[in-house]
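One structure below.
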Amino acid sequence: MTATKTRSGGGAASAPTQLTMAGALNAALRDAMAEDDRVVVYGEDVGPLGGVFRVTDGLQQQFGDERIWDSPLAESGIVGTAIGMAIYGMRPVVEMQFDAFSYPAFEQIVSHVAKMRNRTKGRVSLPLVVRIPCAGAIGGVEHHSDSSESYWASTPGLTVVMPSNPADAYSMLREAIASDDPVIFMEPKSRYWAKAPLALPVTTAPMDRALVVREGSDVTLIGYGPTVRTALEAADAAVDEGLSVEVIDLRSLSPFDDETVSASVRKTSRAAVIHEAAQFGGFGAEVAARVTERNFYHLAAPVLRITGFDIPYPSPKLEEYHLPTADRVLAALASWEWDLS
Amino acid sequence: MSLNVEHDAARRALPSEKPLRLLDNAGHAVTGAATGGFSLPGTETLLDLYRKMVVARRFDVQVTALTKQGRLATYPSAYGQEACEIGAVSAITADDWLFPTYRESVALLTRGIDPGDILKSFRGDWHSGYDQRAHRTSTQTTPLATQALHAVGLAHAARLRHDPIVALTFMGDGATSEGDAHEAFNFAAVWQTPTVFIVQNNQFAISVPLSRQTHAATLADKAVGYGMPGFHVDGNDVAAVYAVTRAAVDRARAGGGPTLIEGLTYRIEAHTNSDDPTRYRHARDVEHWKRRDPIERLEKYLVSEGALTEATRSEITDAAEALATHTREVITAEAELDPLELFDHVYANPRAALLEQRARLEAELAEAAAESR
């Protein structure tokens, strides 16, 4: 194997076809592996099976088992060995299969992935990507639907991103793999089958930028990953109540795009953040604090959080009661006691 | 009835409970079964190992003294473990990689790393003071056994690239109880990576004795379950540690996969300067192990062979004293640290929020400087 550093565009754009987010992620891995033979992919069941969500479907057939292979079933081992491979100059992309399965790798991610560059005074960067299928609403049994983003986002040294749609999934994964910093790449499972017409390769906004995905003037709804759809549903429904709702897809949790969020909040003067994770100490607390610190005198009301309850992720038959819905978002907005006269 | 299992008695054999040794306590060459079929390295090699151990011992004693003077925040001594560290690390080449823990300061010294750089983290400076790539030596790792996985990953990457690189990693007896030790052994064996695991069994994980750490007869026994060779070696016999490690390194380089080597040794000093070993060890045990000193044993052998002349001994002592002097100088010198560098090594790609925080600290520093004028 010879190391190459090519980053050509990936060939001519294809005609737009309906692509799922899982398909877009698959294409991103395929193109990244084709362009740069330092990129290797491994994890549990990513080889012949193509991953439990089929994100790695067909890659082993194309690239062989020295570029993509099934690892032993051990998440700390997967991330720990990826660190060694990255030190040697590879660009490993490893899969954690399900969010709660990443916890055995917590120490490797927090103590080593996040800190290696710092403790080596900048001499050793770890250009690796840890893909974590995340969040719920897929009827999974326990330990299959956690939202672990706050753990990673509050760890200095990590970049934490979460796409919400196929185009971003492709573009952001390509960017994550090309990044010289380690990236926690969170993939909302409930969006894996979301489709969009796409001509690949596609380059969307840089992954550290939040995007206004719907313009509005009365309130800013901030979502990421699975809750961008919830925010858009709430925005549609709010029209009937005479509210003009702006929706922001955060895309990156760390770094946080204060600029885009503050510009929107200053326009609307109200903000609410939506996530599936528990509220207490959750990422919404960071969003609310940042928005308030920067825009206090522009705010007409406290920043709201619409989140999952402060409970372990419930069993499938009860998850509908836990997850934030568009109705709950609207009810929360109504709590501001709008004066619409 | 047939269990229809492929049986390979040799592969399944447990390591000997009696540690493999090439030189006995009195410095006599061992013959017969106790050598495990390994041969005593040549005199040149043994003299080189002796020199490295004497210099390292002097370094360790010097650093412990400096720690007692408050020059270092902490220091995990390797006194008594020189044969294990130096025997193993001398068996790899400069192209190979080393993944040490916090107790491997003398192994780092043997890698040619400057004392000031080795000790940077222990004196409260940057966490790793040396250039990892230049020395092919990873950072000294505090979380136990985690670095063993890094060694496996690096070795696997090297193998994928057809580079003849071996990764050597150390861990202590306590670390073998960690999940990452198991995962590292297993990944290495499944992937057949060129990795050599050295377990320095110094018999105490801080205060917890080996009997409360494992129920296995030896830590080397653990290799068997992973399908790799395991060797239980007298860790105070540098000849044995070197010979066995060398064989494992050669085997790994040739594509034979990983090896687990347990070096049975003893930590003469405390765990670190903040530890009180009198609470958990008997003085007579410490005395017993002092009589098994790794340096004295080899010295007796070299003298009896006529290989260690007074001139050589004096030259080695001079080198050790020169290094001790250098160590005192670099540790006594005040480190020039730039607080603003705090922000420079968190991300490769500059991050706006960190640049803002950096500017804030810069303003604070400027204000403080103005006030002190």
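The values are calculated or read from the model by the stated rules, or taken from the named source; none is laboratory data. This structure is a prediction, so every number in the text was calculated from the model and none was measured. Because the Cβ atoms are built from the backbone with ideal geometry, glycine has one as well, and the counts that use them run over all protein chains shown. Side chains are part of the model used for accessible areas, which takes the heavy atoms of the whole protein and leaves out ligands, DNA and RNA. Shrake-Rupley method; radii C 1.70, N 1.55, O 1.52, S 1.80 Å.
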Using each residue's phi in the range A:179-188, evaluate 6.51 cos²θ - 1.76 cosθ + 1.60 at θ = phi - 60° and report the 3J(HN,Hα) Karplus result to the nearest Hz, with x for Gly and Pro. 5, 7, 9, x, 10, 8, 9, 9, 10, x
Quantify how strongly other chains surround peptide A:83-96 by giving the mean number of their Cβ atoms within 10 Å of each of its Cβ atoms. 6
Loop-resident GluC sites (Glu not before Pro) in the range A:213-304 with no more than 13 other Cβ atoms inside 10 Å, DSSP not H/G/I/E/B, are A:Glu215, A:Glu241
Using the basic label-point model (7 angstrom from Cα toward the beta carbon), what is the A:Leu49 to B:Ala348 distance in nanometres? 3.1
Amide H contacts under 5 Å for A:Leu304, placed H, 5+ residues apart: A:Ala271, A:Ala272, A:Val273
Computed [θ] at 222 nm, helices only, for chain A once each DSSP H run of length n ≥ 4 contributes -39500 (n - 2.57): -9000 deg cm²/dmol
What are the ³J(HN,Hα) couplings of the range B:316-330, residue after residue, when phi is run through the Karplus curve with 6.51, -1.76, 1.60 and θ = phi - 60°? Round to Hz, x for glycine and proline. 5, 4, 4, 4, 5, 5, 4, 5, 4, 4, 4, 4, 4, 5, 5
Given 15 as the ceiling on other Cβ atoms within 10 Å, longest exposed-site-free region of chain B for GluC sites (Glu not before Pro) in DSSP loops: B:18-304
Using a 1.4 Å probe on protein heavy atoms, which residues of the range B:147-169 have at least 40 Å² less accessible area in the complex than alone? B:Leu149, B:His150, B:Leu154, B:Ala157, B:Leu160, B:Arg161
List the accessible area buried at the contact between B and A, summed over both sides and calculated with a 1.4 Å probe, in Å² to the nearest 100. 3800
Taking the 0 to 90 degree range and rounding to the nearest ten, how far is the long axis of helix B:238-253 tilted relative to the main principal axis of chain B, both from C-alpha atoms? 90
Euclidean distance between Cα centres, the range B:14-77 to the range B:236-283, Å: 9
Averaged across B:337-344, how many Cβ atoms of other chains sit within 10 Å of each residue's Cβ atom? 1
Working with all protein chains in place, sort A:Asp99, A:Asp37 by solvent-accessible area computed with a 1.4 Å probe, largest first. A:Asp37, A:Asp99
Calculated FRET efficiency, B:Ile206 and A:Glu337, Cβ-Cβ r, R0 60 Å, to nearest 0.05? 0.50
Inter-part distance where the range A:269-288 and the range A:108-182 are each reduced to a Cα centre, Å: 19
List residues of the range B:97-115, by number, whose backbone nitrogen lies under 18 Å from a label position 7 Å along Cα→C-beta of B:Thr74. B:100-106
Considering only protein heavy atoms, what per residue accessible area in square angstrom results for the protein assembly as shown with a 1.4 angstrom probe? 40
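Averaged over B:175-184, how many beta carbons belonging to a partner chain fall within 10 Å of each residue's beta carbon?
Mean partner-chain Cβ count within 10 Å for B:175-184: 4.
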Relative contact order of the range A:234-341: what whole-number percent is it, with Cα pairs under 8 angstrom and at least 6 residues apart? 26
In Å², nearest 10: area of B:His156 left accessible to a 1.4 Å probe: 20
Given Cβ charges of +1 for Lys and Arg and -1 for Asp and Glu, the option among A:Pro133, A:Leu299, A:Ala15 whose Cα lies farthest towards the positive end of the dipole of chain A is A:Ala15
For the pairs A:Lys195/A:Lys317; B:Lys68/B:Lys222; B:Lys222/B:Lys290, flag any whose C-alpha to C-alpha distance is greater than 30 Å. B:Lys68/B:Lys222
Ignoring everything except DSSP H segments at least 4 long, calculate the 222 nm mean residue ellipticity for chain B; use -39,500 (n - 2.57) per segment, divide by total residues, nearest 500. -13500 deg cm²/dmol
Please identify every one of the chymotrypsin sites (Phe, Trp or Tyr not before Pro) in the range A:227-323 that sits in a loop by DSSP and has no more than 14 other beta carbons within 10 Å of its own beta carbon. A:Phe280, A:Phe309
Given backbone amide H placed at 1.01 Å from N, residues whose amide H is under 5 Å from that of A:Leu19, ignoring those fewer than 5 places away on the same chain, are A:Ala196, A:Leu198
Given a 1.4 Å probe and the protein chains all in place, what does the accessible area of A:His298 round to, in Å² to the nearest 10? 80
Apportionment of accessible area to carbon and sulfur, the protein assembly as shown, percent (1.4 Å): 52
Hey, got a sec? Which GluC sites (Glu not before Pro) in the range A:95-160 land in a DSSP loop and have at most 14 other Cβ atoms within 10 Å? A:Glu142
Using DSSP loop states and a limit of at most 12 other Cβ atoms within 10 Å to flag trypsin sites (Lys or Arg not before Pro), what is the longest stretch of chain A containing no flagged site? A:8-341
Give me, ordered by chain and number, the residues 5 or more places off A:Ala277 or on other chains with an amide H under 5 Å from its own placed amide H. A:Gly308
Taking 8 Å as the Cα distance limit and 6 or more residues as the minimum spacing, I'd like the relative contact order of the range B:163-203 as a percentage. 63
